[in-house]
Amino acid sequence: MREPTMVVGLDSNAAAGLLPPPTLPPQALLERLKDYGQEDAFALWDELSPDERHLLVKDIENLDLSRIDRIVRCSLRSQALPVAAIEPVPESCVSSVEERTMDERERWWKMGLKAISEGKLAVLLLSGGQGTRLGSSDPKGCFNIGLPSGKSLFQLQAERILCVQRLAAQAMNEGSVTIHWYIMTSPFTDDATRKFFETHKNFGLEADQVTFFQQGTIPCISKDGRYIMETPFKVAKSPDGNGGVYSALKSSRLLEDMAMRGIKYVDCYGVDNALVRVADPTFLGYFIDKGVAAAAKVVRKAYPQEKVGVFVRRGKGGPLTVVEYSELDPSLASAINQQTGRLRFCWSNVCLHMFTLDFLNQVANGLEKDSIYHLAEKKIPSIHGYTVGLKLEQFIFDAFPYAPSTALFEVLREEEFAPVKNANGSNYDTPDSAKLLVLRLHARWVVAAGGFLTHSVPLYATGVEVSPLCSYTGENLESICRGRTFHAPCEIAF
């Protein structure tokens with residue numbers, strides 16, 4: 001017989017203001033669970049203390065049982081459905097670096113700054129993850145990758161927003177420009193993220209231009225679709241993936257908030273990229289110019305076995321979508337386009353996306369209607385120890401199949417992609433590798449602006465950091481750098 005667990009803070013029903021504990025499971029709730037085949041959630045009811053029974057009832061009542069049942073059934077059923085064959089992305093859908101003219105860059109830059117000055121762009125940050133693989137329990141955005149300034153990822157991104165606001169105001173002779181920043185957290189990162197921003201006074205942004213909201217969670221299930229119990233009085237749950245942003249925006253009425261603010265376009269990205277060009281005017285101008293519903297920045301795949309998802313066309317004439325590296329047949333991953341000499345499937349997804357607000361509304365409704373989640377087999381903490389079960393999640397790129405038109409915009413990874421995913425000492429995507437990418441890029445900016453560098457270690461192993469408050473992409477540095485010598489590593493600020 002299981003010993004009842006003492007729940008701290010709930011040892012007295014009177015003190016906690018609780019109703020007398022039910023001796024039997026609430027009949028109406030039990031019947032609803034039976035309707036969905038989940039009555040096992042009450043299997044250990046007789047062994048629970050009164051306080052634990054209250055916790056279990058509250059936990060179940062907080063679940064949207066009919067919605068979860070629809071998601072579980074649709075997701076399990078989708079596993080057996082045939083999938084359309086994939087084709088390479090047509091060249092006409094991609095703006096490659098080598099084909100982009102200086103005139104186009106300048107035109108898109110100006111178009112983007114104009115739209116930003118008119119308040120039409122919002123920035124959407126996916127920041128639900130903890131830095132567990134980095135050896136930290138803090139939100140990833142709090143992480144300091146070791147730059148000379150000691151700035152966190154959040155601060156680097158906030159200061160890039162400040163820089164673009166200034167550039168847009170100067171270009172359009174506006175007094176001030178505001179870019180609204182929507183930040184999606186998770187139940188595990190929300191409180192710490194809010195406190196971090198509060199402690200750092202929003203890194204110079206106005207408090208009312210930053211909005212936090214949480215992604216949802218969803219029960220973990222067995223392979224036959226039953227809830228896994230983490231404890232006898234709690235259903236095991238996990239975050240619903242970065243694609244949970246769509247339902248979270250809808251349920252928190254933030255899509256309506258965006259519309260009320262006059263926002264037309266949304267720049268969406270993941271927190272763990274030290275080189276992300278937040279609110280990039282060139283990308284926004286390209287997006288507006290193409291008149292598409294969705295766009296993504298892509299980098300060229302480095303080698304066939306690189307562990308990155310790639311954009312593909314699903315079915316003849318079908319929509320663009322992303323296929324994960326584990327789902328791409330090795331022979332397809334290695335196939336060469338004889339005309340271009342590139343890999344046939346070469347455009348890597350790096351979670352840098354642009355959407356129209358109208359399209360985000362369509363996606364939120366479409367994903368909810370279809371209710372198909374990805375199923376990931378994981379070891380899940382349960383009353384039986386770690387149990388092999390399924391986590392359900394959606395991904396940010398699940399939006400693309402709903403897009404009537406999608407455009408891809410190639411960027412150079414050494415300029416815009418410095419992922420921070422693994423602890424130092426790992427083979428790739430570490431704070432040290434991201435730091436070096438930032439320092440090397442900024443060193444090139446300084447030299448191009450007429451500055452000189454001295455260094456006591458080889459230059460390939462160091463560099464300088466240019467504050468985002470000084471420059472966004474290397475512009476406007478001549479007055480700071482020309483004729484001056486900087487000793488690497490250091491930060492260059494006003």
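The values are calculated or read from the model by the stated rules, or taken from the named source; none is laboratory data. The shown structure was predicted, so the numbers you read here are calculated from the model rather than taken from an experiment. Reconstructed Cβ throughout: ideal geometry from the backbone, glycine too, with neighbour counts over all protein chains shown. These area figures cover heavy atoms from the full protein model, side chains too; ligands, DNA and RNA do not enter into them. Shrake-Rupley method; radii C 1.70, N 1.55, O 1.52, S 1.80 Å.
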Return only the number of the condition from (1) touching a Pro at 6+ places or on another chain (Cβ under 6 Å); (2) exposed (fewer than 14 other Cβ atoms within 10 Å of the Cβ) that PRO458 does not satisfy. (1)
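Answer yes or no as to whether VAL276 is touching a Phe, Trp or Tyr at 6+ places or on another chain (Cβ under 7 Å), part of a loop (DSSP other than H, G, I, E, B) and among the aliphatic types (A, V, I, L, M). Before the answer, list the steps.
Numbers: touching a Phe, Trp or Tyr at 6+ places or on another chain (Cβ under 7 Å): yes; part of a loop (DSSP other than H, G, I, E, B): yes; among the aliphatic types (A, V, I, L, M): yes.
So VAL276 fits the description; yes.
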I'd like the residue in segment 298-314 that is assigned to a loop (DSSP other than H, G, I, E, B) and open to solvent by less than 30 Å² (accessible area, probe 1.4 Å) and, out of all such residues, is nearest to CYS346 (Cα to Cα). LYS301
Does at least one position in segment 273-292 carry a residue that is open to solvent by 10 Å² or more (accessible area, probe 1.4 Å), of a type in the set (A, V, I, L, M, F, W, C), over 30 Å from ASN144 (Cβ atoms) and modelled with pLDDT of 95 or more? yes
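Hey, can you tell me all the residues within segment 315-330 that are of a type in the set (S, T, N, Q) and either open to solvent by 80 Å² or more (accessible area, probe 1.4 Å) or under 13 Å from LYS301 (Cα atoms) (or both)?
Within segment 315-330, the subset of a type in the set (S, T, N, Q) is 321, 326.
SER326, the sole residue that qualifies.
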In this structure, is PRO468 farther than 30 Å from GLU306 by Cα and assigned to a loop (DSSP other than H, G, I, E, B)? yes
For segment 161-180, name all the residues that are buried (at least 20 other Cβ atoms within 10 Å of the Cβ) and not in a loop (DSSP other than H, G, I, E, B). ILE161, CYS163, VAL164, GLN165, LEU167, ALA168, HIS180
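Of all residues in segment 181-204, which are touching a residue at least 40 places away in the same chain (Cβ under 8 Å), open to solvent by 10 Å² or more (accessible area, probe 1.4 Å) and on the phi < 0 side of the Ramachandran plot? Working first, answer last.
Kept after step one, since they are touching a residue at least 40 places away in the same chain (Cβ under 8 Å), are these residues of segment 181-204: 181-189, 192-193, 196-197, 200, 202-204.
Imposing the further condition that a residue be open to solvent by 10 Å² or more (accessible area, probe 1.4 Å) reduces the set to 187-188, 192, 196, 200, 202-204.
If the condition is that a residue be touching a residue at least 40 places away in the same chain (Cβ under 8 Å), open to solvent by 10 Å² or more (accessible area, probe 1.4 Å) and on the phi < 0 side of the Ramachandran plot, then PRO187, PHE188, ALA192, PHE196, HIS200 are the ones that fit.
Name the residue that is surrounded by the most Cβ atoms within 10 Å (Cβ to Cβ), counting only residues in segment 33-71 that are among the aliphatic types (A, V, I, L, M) and over 18 Å from SER222 (Cα atoms). Before the answer, list the steps.
Of the residues in segment 33-71, the ones among the aliphatic types (A, V, I, L, M) are 33, 41, 43-44, 48, 55-57, 60, 63, 65, 68, 71.
Keeping just the survivors that are over 18 Å from SER222 (Cα atoms) gives 48, 55-57.
Working: LEU48: 20, LEU55: 19, LEU56: 23, VAL57: 18.
The extreme case among them is LEU56.
Please work out which residue is nearest to LEU320 (Cα to Cα), limiting yourself to segment 383-392 and to residues that are surrounded by fewer than 20 Cβ atoms within 10 Å (Cβ to Cβ) and in contact with a strand residue (DSSP E or B) (Cβ under 8 Å, 6 or more places away or on another chain). So that I can check it myself, show each step before the final result.
Our first condition is that a residue be surrounded by fewer than 20 Cβ atoms within 10 Å (Cβ to Cβ); within segment 383-392, this holds for 383-388.
Filter once more, keeping what is in contact with a strand residue (DSSP E or B) (Cβ under 8 Å, 6 or more places away or on another chain): 383, 386-388.
Details: ILE383: 42, TYR386: 38, THR387: 36, VAL388: 33 Å.
The residue in question is VAL388.
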Any idea how many residues of segment 433-449 are out of contact with any strand residue (DSSP E or B) (no Cβ under 9 Å at 6 or more places or on another chain), closer than 17 Å to HIS487 by Cβ and among the small types (Gly, Ala, Ser)? 1
Can you name the residue in segment 221-271 that is within 19 Å of HIS374 (Cβ to Cβ) and of a type in the set (Asp, Glu) and is also surrounded by the fewest Cβ atoms within 10 Å (Cβ to Cβ) among such residues? ASP224
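Against the condition among the polar types (S, T, N, Q), part of a strand (DSSP E or B) and either at pLDDT 95 or above or open to solvent by 40 Å² or more (accessible area, probe 1.4 Å) (or both), how does THR211 come out, does it pass? Don't jump to the end; show me each part of the working.
Values: among the polar types (S, T, N, Q): yes; part of a strand (DSSP E or B): yes; either at pLDDT 95 or above or open to solvent by 40 Å² or more (accessible area, probe 1.4 Å) (or both): yes.
So THR211 fits the description; yes.
Quick one: which residue in ASP398, ASP429 is of a type in the set (Asp, Glu), surrounded by 15 or more Cβ atoms within 10 Å (Cβ to Cβ) and free of Cβ contacts under 8 Å to residues at least 40 places away in the same chain? Give the steps one after another, and end with the answer.
Values: ASP398 fails: free of Cβ contacts under 8 Å to residues at least 40 places away in the same chain.
One residue alone meets the criteria, ASP429.
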With ALA158, ALA115 as the choices, which residue is of a type in the set (A, V, I, L, M), surrounded by 22 or more Cβ atoms within 10 Å (Cβ to Cβ) and either assigned to a strand (DSSP E or B) or at pLDDT 95 or above (or both)? ALA158
In segment 125-141, is there at least one residue being acidic (Asp, Glu), in a loop (DSSP other than H, G, I, E, B) and either modelled with pLDDT of 95 or more or in contact with an Asp or Glu (Cβ under 9 Å, 6 or more places away or on another chain) (or both)? no
